[in-house]
Every structure is written in C-alpha cells, then in structure tokens.
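The block underneath contains the structure these notes are about, expressed in structure tokens.
No lab work stands behind these numbers, since they all come straight from the coordinates. Just so it is clear, the structure is predicted and the values come from calculations on it, not from any experiment. Cβ sites come from the backbone with ideal geometry, for glycine too, and all protein chains shown count toward neighbours.
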Amino acid sequence: MRDCSARSKFVRSWLKQASRAKVKICFALCAAVVIFVIFFGHCAIRFFQELYAMGKCPLNYNEKLKSQNELDSSLDLWSRVDVQTCTKWGAPIMWEGTFDPGDFDRHHIQKRTSVALTVFAIGRYLEVYLKEFLKSAEQYFMVELPVTYYIFTDIPEFVPKVKLMKQRHMKVIQVKNQKRWQDISMLRMKTIADFIESHIQHWHQYIFCFDVDQVFVGRFGSEALGETVGLLHAFYYRSHVKDYTYDRNPESAAYMVTGDFYYHAAIFGGTWQGVKNITEFCHQGIMKDKEKNIEALWHDESHLNKYFWLHKPSKVLSPEYCWSTIIGFRFDIRVHRLLWATKFYDILRT
Ligand SMILES: CC(=O)N[C@H]1[C@@H](OP(=O)(O)OP(=O)(O)OC[C@H]2O[C@@H](n3ccc(=O)[nH]c3=O)[C@H](O)[C@@H]2O)O[C@H](CO)[C@H](O)[C@@H]1O
Ligand SMILES: [Mn+2]
C-alpha cells in the first residue's frame, strides 16, 4: 500500500516537473520567434511567406496554353511546378525556364517589332536614378530589337548622355513638375495616353512604361511583349488575396473587394492600343476621384489594379522582372532581371 502511494507521489512530482519544463520550452520557443521577428522585421515575415502556395495553373499536367499566339502556346509551363505559370483565364505568367528566349527574339526580329520605353525623371529623380537606369537598359532591355527611350523630364538639359547601341534612340520630352509626388506619379497616365495618340502609335507596335528608380541586371527581353502586360508585385505574389492592398474606399473609382493578383505599377506594357486603353482608364479614374476630393490608396497603382481586374492582362510577368533584394533569398526567384534601386523618399520626394 505504502509502496503504491510512494510511487504515485513520485509520478505526480515527475509530471509536475515535466509540465514545468514544457512550459519553459514553450516560453523559450515563443521568445525566440518574437526576437527573430523583432530583429529581422519584415524579412522574417517574408521568409515565412514563401511557404504560402501560389494559385495553380488550371491546365492538366503537360497541357499547353490554347492561345492564338503560337509563341504562348509553345511555352513549357510544366518546367516550373514550384510556381503558378498561367492564370485562370489562360494568360502565361513568365518565369525563367518556361520560355526559349531565342524563339521570341527570332519572331519579333522577323516581324520588325519596334518598342517604345517611357520613363519619367522629374525633380531630383533625374540626377539620382536616370543614368543607371538607361545604362543598364542598354545592356539588358530588348537588346535584339529597335528601342526608343522617351524620357519625360522637367529639366531636359540635365538628361545624361548615354552611349546607345545601333537601332536604339532617345527622345527627351519636357513636362511640368508638380507640387506633390503623388501627382507626378498619377499624371504619368495622362501624359502617356496623349503621347501614344500623338506619336507612339505611328512608330512603335509595343510600349513599356517604367518607374525610373530601378536597374536592369538580367535579360528583360521580347518574351515580355504582349497585348497588355502586368507585373506581379514582389511583396505580394505569395500573399493571400485578402492581404492585397487594393483601394478599399467605395467612393473611389479604384475600389476593389477582391481581385486576381496584386500588380505593381512600376512596370506595365503592351501594344500601343493596349497601353492607350490602360492609361486612359486610369487617368479617368484618377480624375473622377479628384472631383470628389479623394485619392486612391496607392495612386495610379490602385487604378491599374482595377483595370486589370476588369480587363485581364494577356500576359503576366513574374517578380523576376522587378525584384527587391529587401525580401531576401527566395528559391523560386531563379534570375533577377530588374532590381529596385534604393529609395531615398525623405530627400527626393516633393
Ligand atoms: C513601396 C511603395 O511605396 N510603392 C508605391 C510607390 O512606388 P514608388 O515608391 O516606387 O514610387 P516612386 O517614388 O518611384 O514614384 C513613381 C515614379 O514617378 C516618377 N517620379 C516620382 C516622383 C518625383 O519626384 N519624380 C519622378 O520622376 C519616377 O519615374 C518614379 O519612379 O508609389 C507609387 C505611386 O504610384 C505606387 O503607389 C507604389 O505602390
Ligand atoms: Mn518606383
């Protein structure tokens, strides 16, 4: 009897000690996670984000896209099973490994494709970013094709001289500066729409519109060309749709409840007709908001997201096409094609 009660006493005290040890281990683990998150901040959160699966291409295994465009239907979508390689409406999402760069280049050289690149460098953005942007574009942007850079600036005389390759041209267009950086960013839509009407439609089949605060570091080639082209935002391509930062104000023309992806406005493109539709739509939305004295959460980007929700892009670029090293290493980003430059908002923005 006595033996039995001594044993149960021993077991109880052992259990007590074990549960105390468990509590201590749990506490230590929680503290480690909190310290990791505090010290590595956003990086820690983004590290865990990679574990969140992207959507799935709705085709059967090894099936090709059913596109009228022979190049899209030749894409090897199943060479990348770690990422989403097509959208639910059948547009390709361009990832390293899914396309043959030579096929696209040969096709566009034969079609005599000519590309316009628009970039705005207003105020201090001109001296800080434009030279590196242009120099790197000469190395990596559609190098097999004729390209004209259209540079919109308030101080044309400060545009840097950059040596251009054969078939490459540069034109500088003077525009007014604006009091607020938000207006500089938003007014680009109107300026681009007008310029397509007055000039680009007569000279180029395709146009790509870029932010200036970025640098090309790898091929950004003719595989990116399509009717309308949107870019997956590097910070959100593995986020849940409810975490996308769409405009949530029902009063705004950019208001969205849900969507397909979160697109980054630092790059968009397409045929001149496609980009004219995009930029006119965004400008009209921006003006409707101005009449109500409101502004969408992420300005032109919120309106661009609304456009691509209502009118699906015919091609989507993976975040390889505009990566931010702040996010850190990701297994699915096999090449960097363009990188965000360092942002100096406090000294650059008006
Ligand atoms: C992380 C982040 O905050 N992203 C938002 C921010 O992008 P960004 O922080 O990338 O915006 P940004 O400062 O690069 O401005 C957009 C572009 O407008 C031009 N520019 C702008 C200001 C200026 O004084 N001079 C000039 O030339 C320039 O080409 C620049 O690249 O703002 C955009 C406004 O559309 C979008 O809302 C983006 O989601
Ligand atoms: Mn930018």
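Does anyone have the angle between helix 101-110 and the longest principal axis of the chain? Alpha-carbon axes, 0 to 90°, nearest 10?
That helix lies at roughly 20 degrees to the long axis.
Counting every Cα pair in the range 253-335, what percent are over 21 Å apart?
Percent of Cα pairs beyond 21 Å in the range 253-335: 37.
Applying 1/(1 + (r/R0)^6) with R0 = 22 Å to the Cβ-Cβ distance of residue 103 and residue 335, what FRET efficiency is obtained, to the nearest 0.05?
0.80
Between residue 325 and residue 56, what FRET efficiency follows from the Cβ-Cβ distance if R0 is 25 Å, with the result rounded to 0.05?
Calculated transfer efficiency: 0.35.
Do any GluC sites (Glu not before Pro) in the range 54-119 lie in a DSSP loop with no more than 12 other beta carbon atoms within 10 Å, and if so, which?
Those that pass, being in a loop and sparsely packed, are 63.
How far is helix 2-49 tilted off the main Cα axis of the chain, in degrees rounded to 10, range 0 to 90?
10
Using 0.36 nm per residue, how much length does the chain from residue 287 to residue 38 gain when fully extended, once their Cα-Cα distance is taken away?
Additional length available on full extension: 85.5 nm.
Looking at the chain as a GNM with Cα springs under 10 Å, which of 203, 95, 14 has the largest mean-square fluctuation?
Most flexible of the set in this elastic network: 14.
Once Lys and Arg get +1 and Asp and Glu get -1 on their Cβ, which of 265, 55, 189 lies farthest toward the positive end of the dipole of the chain?
Sorting the options by dipole projection puts first 55.
State, to one decimal in nm², a quarter of the convex hull surface area for the C-alpha atoms of the chain, i.e. the direction-averaged projected area.
Hull-based average projected area comes out at 24.4 nm².
Among 164, 151, 236, whose Cα lies farthest out toward the positive end of the dipole of the chain, if unit charges sit on the beta carbon of Lys, Arg (+1) and Asp, Glu (-1)?
236
Over 32 Å between Cα atoms: which of 166/306; 276/343; 135/179; 166/312; 163/343 fall into that group?
Violating the 32 Å Cα-Cα cut-off are 166/306; 166/312.
Hey, how many Å between the Cα centroid of the range 222-278 and the Cα centroid of the range 148-199?
Between the Cα centres of the range 222-278 and the range 148-199 lies a distance of 22 Å.
Only Cα pairs within less than 10 Å get springs; with that Gaussian network setup on the chain, which residue of 306, 66, 276 has the largest fluctuation?
66
If you build a Gaussian network model of the chain, linking Cα atoms that sit under 10 Å apart, which residue out of 85, 258, 118 swings the most?
For the chain, modelled as a Gaussian network with Cα springs under 10 Å, the answer is 258.
What is the helix-to-structure angle for 300-310, meaning the angle in degrees between its Cα long axis and the longest Cα principal axis of the chain, kept from 0 to 90 and rounded to the nearest 10?
90
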